[in-house]
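Colleague: Sharing a structure, written as structure tokens. Questions coming.
None of the figures in this text is laboratory data; all of them are computed from the coordinates on show. Note that the structure is a prediction, hence the values are computed from the model and not measured. When we count neighbours, we look across all protein chains shown, and the Cβ atoms used for this are built from the backbone with ideal geometry, even at glycine.
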Amino acid sequence: MVYVDASISCLKNKKWKYDKSCHLFADTVDELNLFAQSIRLKLEWFQNHTYFPHYDLTEGKRIVAVKHGAKEVDKRFVADFIKALKGE
């Protein structure tokens, strides 16, 4: 399953020029990258963090992800997901 959390305000910087962002993540890295390719994300945008591999999304790409089947989740789900990856 592929998931997307809520958009939140964020600071712009050299790498991110948007006011808001969210995370796209999945049960497996392979599933995540296949889904990301299907909505035209670049593999170079993948953030392969040990306990939370994900892509950062703009609000527009979040809408696209949801239309393509990403499940909307809340911050509690994200926290539990990360704990599970850590084996806690």
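Colleague: Can you compute the modelled spin-label distance between Val29 and Asp74, with each label point 7 Å from Cα toward Cβ, in nm?
Modeller: Going by the 7 Å Cα→Cβ label model, 3.1 nm.
Colleague: Here is a follow-up. Within 10 Å of each candidate Cβ there may be at most 10 other Cβ atoms; applying that plus a DSSP loop requirement, which trypsin sites (Lys or Arg not before Pro) in the range 10-88 survive?
Modeller: Lys12, Lys14, Lys15, Lys17, Arg40, Lys42
Colleague: Hey, another quick one. Work out, step by step, the length gained on full extension between Ala84 and Asp19: first 0.36 nm times the residue separation, then minus their alpha carbon distance; give nm to one decimal.
Modeller: 20.4 nm
Colleague: Going by C-beta contacts inside 10 Å, put Thr58, Thr28 in order with the fewest on the left.
Modeller: So the ranking, lowest neighbour count to highest, is Thr28, Thr58.
Colleague: So if I average 1/r over every pair of distinct C-alpha atoms in the chain and take the inverse, what Kirkwood radius in Å does that give?
Modeller: 13.2
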